[in-house]
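As structure tokens, the structure follows; a few thoughts come after it.
Bear in mind these aren't lab numbers, they're just calculated from the coordinates by the rules spelled out. The model shown is predicted, which means the values in this text are computed figures rather than measured ones. FYI the Cβ positions are ideal-geometry reconstructions off the backbone, even for glycines, and counts take in every protein chain you see.
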Amino acid sequence: MDVLVRLEARPSDSPVLAHVNSIPVLPFGTRSRREVVTLYGQADAQSLALALAATVESERLEAVTSGVVRHLGVWPDRGAVGDSAWRDNATGRLVTQDLDIPLPTLEARASELLGSCGTTLRRVAAGLAMPDWPEGTERALSFSFLSAVGASGGAGASLEDDAGVERWLDSIRQADAYGFDVEGD
């Protein structure tokens, strides 16, 4: 999974920590699915880990199909709330599913992510927080790692499978060795 992390000012009327939007893989494309994480306020590894935890947990709740589009808000007191949508292959109809991931579930998964790839998450957060970004430039960095579902054996697999968890964590540990790319330029 490719992740683009953006940093924006916190909306004055909302305590939201982050928004997570997914962009599915195109049938003719070779890139993996992209998650666009927008952090609000200060960039820190904990907020980024919570947003990525929302992505991982939502994969476990969704129907196993290609072309899933997801939108989630991550809230400090509620967890992640949003929905996902996809086309039913048999009927061609748009199917939607509400997603509600409790905060304790997100916090547990975020702790696992910080333990496994905390260095990468801290690097991304530090890069977004650097004061020397040119004025008016959108702060955004990207990195890649295997998603939990893809790394654990594909359709229907879960993080409860020890071998799948280990492959997924290995992919995240490897991401620590490569750093991250800057979008743009």
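Numbers at a glance
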| read-out | value |
| --- | --- |
| Virtual spin-label span in nm between Gln42 and Met130, 7 Å along Cα→Cβ | 2.0 |
| Packing-based ranking, highest mean first, of 103-110, 36-43, 5-12, 90-97 given that Cβ atoms within 10 Å are counted | 36-43, 103-110, 5-12, 90-97 |
| Neighbour net charge for Glu107 - beta-carbon separation under 13 angstrom, K R +1, D E -1 | -1 |
| Label point distance in nm, Asp98-Ser111, each placed 7 Å from Cα along Cα→Cβ | 2.9 |
| Using θ = phi - 60° and Karplus 6.51 cos²θ - 1.76 cosθ + 1.60, couplings along segment 14-22 (whole Hz; Gly, Pro as x) | 9, x, 4, 7, 7, 10, 10, 10, 10 |
| Size of electric dipole in segment 1-143: Cβ of Lys, Arg +1 and of Asp, Glu -1, about Cα centre, debye, nearest 20 | 380 |
| Cα-projected label distance for Ser144 with Arg34, points at 7 Å along beta-carbon direction, nm | 1.3 |
| For segment 72-84, 3J(HN,Hα) per residue [Karplus equation, 6.51 cos²θ - 1.76 cosθ + 1.60, θ = phi - 60°, Hz, x = Gly/Pro] | 10, x, 10, 10, x, 10, 10, x, 10, 9, x, 7, 9 |
| Thr91/His71 FRET efficiency (R0 25 Å; Cβ-Cβ; nearest 0.05) | 0.65 |
